[in-house]
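All remarks here apply to the structure that follows.
The values are calculated or read from the model by the stated rules, or taken from the named source; none is laboratory data. These numbers were taken from a predicted model, which means no experiment stands behind them. All Cβ positions, glycine included, derive from the backbone under ideal geometry; neighbour counts span all protein chains shown. Accessible surface areas use protein heavy atoms only, side chains included; no ligands, DNA or RNA. Shrake-Rupley method; radii C 1.70, N 1.55, O 1.52, S 1.80 Å.
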Amino acid sequence: MKYIIILILIVNFSAYSFSQDSTNSVNTNIINKDSLTNIDTSLTLTPEEFMYGDNYRTTFTGIMPNRETKIRPTNLAIFAGATLAYMTAQHIVQKNSIWSETGEFRIIEDGDYALYIDKVGHTYGADLSSYFFTEMFLWSGFGYDASFLLGPSLGVLYTAYVEVMDGFAADWGFSPTDFYSNVGGALFFMLQHYIPYLQNITPKFMYFPADWHGELKRVPHSFFVDDYSSHTFYWSFNVHNMLPKALKSYWPSWLQLTFGVAVRNLGDMNDPNFKPDYSKGKVYDGHVFGSPRYIIGLDYDLVKILPDGVPFWNWIRQSLNYFKIPAPAVEFSNEGTRFYLLYPF
């Protein structure tokens with residue numbers, strides 16, 4: 001996940017207050033439809049057409065997406081300028097960290113790098129990039145279907161640029177499996193548009209420094225994006241929406257089931273700064289010290305839990321669903337099975 005520059009917003013709340021669920025497949029009280037500005041449904045989507053699973057979606061201005069492309073020049077100019085500024089800032093940050101030393105372009109296949117958790121990160125990162133780019137295309141006036149084609153396409157191009165830059169970095173290289181993972185993440189996002197059932201599965205990411213919960217940070221690492229020992233990736237399932245209508249009342253609509261993967265205590269055994277704790281993992285191929293983790297737990301749909309508000313807040317709430325917050329979980333690893341009230345603590 002080397003190309004993601006994100007400040008993670010950790011939402012602290014208690015999820016022990018239960019709400020009464022409707023037996024309908026769509027919970028119409030999730031969002032105030034009046035907050036979604038809709039002038040002419042022949043030109044823009046209706047709220048029922050603009051959904052993610054059983055949640056009403058929103059744009060950050062509340063304006064419903066166009067059915068056909070009708071460019072808003074000012075918005076498009078802002079989008080282009082913001083994207084350029086973001087990429088420039090991201091380039092500068094990584095130029096001063098993981099791209100600080102450069103050389104000739106080279107291709108390095110690192111399929112098992114960081115015990116594969118890096119590939120999961122690339123898939124998630126491309127999916128998240130596709131989401132934000134699609135949102136900006138919608139805001140700029142592009143048609144609904146066009147935006148869900150252009151967003152993932154730009155996501156792939158953006159991550160490909162990062163992979164090319166990695167190819168010139170002395171400590172890295174262009175990785176074909178990284179590129180394939182990027183394409184996979186963008187493709188999944190696109191497929192969710194054409195196969196709505198896939199919207200019941202949401203990729204999520206959690207970051208807490210490993211030493212906050214008694215593990216070892218990755219050594220070496222230069223920035224949090226390559227501290228893979230502190231990353232956890234999830235796929236959250238909207239169980240309520242997947243159940244038959246007769247069973248929906250037995251599962252709270254805001255409660256989801258999640259499956260996660262992580263690799264703790266990663267390190268390069270040849271790095272003089274790495275002092276492994278052999279009680280926390282194992283050596284792989286004489287070089288990598290790490291402990292793969294597999295997590296099954298609960299998750300929360302923040303769109304259903306957090307209060308409805310103005311369009312921009314509703315968009316923030318919607319976007320936060322791409323990030324995982326601590327919740328009860330069971331972790332399986334070579335160290336055994338552990339139960340957590342608020343994983344990973």
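Laid out as a table, the results:
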read-out	value
Residue in region 236-248 that is closer than 19 Å to residue 126 by Cβ and under 21 Å from the mean Cα position of the chain (by Cα) present	yes
Single residue of region 44-67 satisfying the filter (out of contact with any strand residue (DSSP E or B) (no Cβ under 8 Å at 6 or more places or on another chain) and among the aromatic types (Phe, Trp, Tyr)) that is farthest from residue 201 (Cα to Cα)	60
Residue within region 186-194 that is among the hydroxyl-bearing types (Ser, Thr, Tyr), modelled with pLDDT of 90 or more and more than 21 Å from residue 262 (Cα to Cα) present	yes
Number of positions in region 84-141 that are under 30 Å from residue 311 (Cβ atoms) and part of a helix (DSSP H, G or I)	24
Selected residue (only one of 113, 158 is at negative phi, at pLDDT below 90, under 22 Å from the mean Cα position of the chain (by Cα) and open to solvent by 40 Å² or more (accessible area, probe 1.4 Å))	113
Members of region 177-220 that are crowded, with 18+ Cβ neighbours inside 10 Å and part of a loop (DSSP other than H, G, I, E, B)	215, 216, 217, 218
Among residues of region 181-235, those that are free of Cβ contacts under 8 Å to residues at least 60 places away in the same chain and within 13 Å of the chain's Cα centre (by Cα), counted	2
Qualifying position, being touching a His at 6+ places or on another chain (Cβ under 8 Å), without any contact (Cβ under 8 Å) to a residue 60 or more places away in the chain and either closer than 29 Å to residue 69 by Cβ or aliphatic (A, V, I, L, M) (or both), among 137, 148	148
Residues satisfying the stated conditions in region 47-83, i.e. acidic (Asp, Glu) and either surrounded by 13 or more Cβ atoms within 10 Å (Cβ to Cβ) or part of a loop (DSSP other than H, G, I, E, B) (or both)	49, 54, 68
Residue pairs meeting the criteria (Cβ under 8 Å; at least 6 apart or on separate chains; first under 25 Å from residue 190 (Cβ atoms), in region 156-172; second acidic (Asp, Glu) and open to solvent by less than 20 Å² (accessible area, probe 1.4 Å))	163/178; 166/178
Residues of region 295-345 satisfying the condition of being small (Gly, Ala, Ser) and surrounded by fewer than 16 Cβ atoms within 10 Å (Cβ to Cβ)	309, 336
Qualifying residue in region 131-147 (condition: at pLDDT 95 or above, more than 29 Å from residue 171 (Cβ to Cβ) and open to solvent by 60 Å² or more (accessible area, probe 1.4 Å))	yes
Tally of residues being without any contact (Cβ under 8 Å) to a residue 12 or more places away in the chain and among the hydroxyl-bearing types (Ser, Thr, Tyr) across region 303-345	1
Yes/no for residue 151 being open to solvent by 30 Å² or more (accessible area, probe 1.4 Å), in a helix (DSSP H, G or I), touching a Ser or Thr at 6+ places or on another chain (Cβ under 6 Å) and of a type outside the set (D, E, K, R)	no
